[in-house]
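Report on the structure given below.
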Amino acid sequence: MREDFYKAFEDKLRGPRQVIKSRLEAYLPFVELVSSYYPDAEMLDLGCGRGEWIELMGDSGYKAKGVDLDDGMLSECRKIGLDVETADAIKYLGQLPNESQVVVSGFHLVEHIDFDDLLSLVDEALRVLVPGGLLILETPNPENLVVGSSSFYLDPTHVKPLPPSLLAFIPEYFGYEKVKVLRLQEPESIVGSEDLSLLDVLNGVSPDYSVVAQKTADRELLIETSAPFNVEYGLTLDFLATQYSGQQKSVRHEESMLKLQEALEQNSILVKHKLWQEGEYQKLESQSLFQQKELDRLGSDIKALHEKYAQREIYISSLHSKHSNLEAEQSNFVAKHSNLVAEHSNLEAELLNLQNQLREADQRHEEAATSLDVIVDAHANQLNQIYTSTSWRIMGPIRRLKRLFSAVPEQLQSSDPEQLPDAEAETDEVVSEEENFEELERLSPQGKKILQALKEATNKE
């Protein structure tokens, strides 16, 4: 195996240095009691590896030394100033004097060596330990089924797993006074748990264990150092299996009780349901009778509604007929309205035509009035010239005599003196002529002009 391989393997799978030191603190109660009797005694750690135990002992005030064949692992120890030596553990142990060590330890060592070497190690440790001294051997626990069947074989240098009862028997065989098995590193989550799973049984047994064996000593020392040996450590497979079995029985019992309770509740529900059904049946009968009466009443109402519906149909038919008549009348009205609109359009056209004709007539009237004014002015000038002439003035008396004598022959033939001409009558005639002139003045502006001309002529006469 390459020199640096095992160090890299340990760094990855064993865990951080501080974690390992904290786990090793479980042995301090044993070491402190025994070391109090041998304050200057030495400790030896076989297969010390990275030196976590040696460092912990130094931190606690004890003198400890380590040996290992792997210089790659020992380099970590030498970096922090630990007392280590490259050597074969069993050979080095065999060179030590009798009763020179208060503690001989081997953490995860025994699974790496042959069984005969293990026997030699335990035997030699008994020789070099002081009376009451401790042998500490820690190794993977094959009682944990996952460790025994899988994780133990991750390390290619492991020889074979050692059951706790086998490793504990070896120091007993060689004559150690006390032997204690410590099961270690079990998951805290399952300690005292009342809800174990099958996986907890398979993987929950303490994954590591150790055998702490004490050499024979006087009675006082053994009694004073006995307290840690009277404590139970870790979880065994039997304990977890028994707990799991008991919990399963309890679970099954609870399930049975729950099923029984559910059955009783179901039976109670069925009884209640049956009673409820009987009550409901009676209610249904009453409701059925009531509903039959309601159906009869509804039948009568429906019959009445059908009659009303027939009457409504007749009424609607008459409305449809009236609506058709109204639509016909509306069509006639629309036609008449169209005719009236056409007539109105024609009348408007005629009115427009008449308005045009009236404007033309007014225009012609104005033109005629203008022409008449010209003619009247001309005639008035002519009359004025006649009436103002000397011959007209000379002939005025003759014209009056002519009118007078023209009427005499007819009047003389009458026997009535009243028929004779009268000068006053002439005057009245002249007045009548004046009245005619006034009438002529009222007729038109042209008449006024003619009358004015005649008046002026008469005045001149």
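Can you find a residue in segment 127-135 that is in contact (Cβ under 8 Å) with a residue 60 or more places away in the chain, part of a helix (DSSP H, G or I) and assigned by TED's automatic domain parsing to the domain that holds Ser35? Yes, segment 127-135 contains at least one residue that is in contact (Cβ under 8 Å) with a residue 60 or more places away in the chain, part of a helix (DSSP H, G or I) and assigned by TED's automatic domain parsing to the domain that holds Ser35.
Contact map, segment 322-351: first residue surrounded by 10 or more Cβ atoms within 10 Å (Cβ to Cβ), second residue part of a helix (DSSP H, G or I) and not charged (D, E, K, R), Cβ cut-off under 9 Å, separation 6 or more or different chains; the map is empty.
Return a yes/no flag: does segment 305-318 have any residue that is more than 30 Å from Leu199 (Cβ to Cβ) and among the basic types (Lys, Arg). Checked against the condition, which is being more than 30 Å from Leu199 (Cβ to Cβ) and among the basic types (Lys, Arg), segment 305-318 yields at least one hit.
Please find, within segment 160-198, the residue that is modelled with the highest pLDDT out of those that are under 60 Å from the mean Cα position of the chain (by Cα) and of a type in the set (Ser, Thr, Tyr). In this case the residue turns out to be Ser197.
Evaluating Leu118 against the criteria (1) on the phi > 0 side of the Ramachandran plot; (2) in contact with a helix residue (DSSP H, G or I) (Cβ under 6 Å, 6 or more places away or on another chain) leaves one unmet condition, (1). Tell me whether segment 145-159 contains one or more residues that are of a type in the set (S, T, N, Q), assigned by TED's automatic domain parsing to the domain that holds Asp68 and at pLDDT 95 or above. No, the conditions are met nowhere in segment 145-159. The set of residues in segment 136-157 that are in a loop (DSSP other than H, G, I, E, B), touching a residue at least 24 places away in the same chain (Cβ under 8 Å) and farther than 20 Å from Val181 by Cβ comprises Asp155, Pro156, Thr157. Quickly run through segment 90-118 and pick out the residues that are outside any loop (DSSP other than H, G, I, E, B) and polar (S, T, N, Q). Selection gives Gln101, Ser105.
The values are calculated or read from the model by the stated rules, or taken from the named source; none is laboratory data. All figures in this text were calculated on a predicted structure; none of them were measured in a lab. A quick note on method: Cβ atoms are made from the backbone with ideal geometry, for glycine too, and the neighbour counts reach across all protein chains shown.
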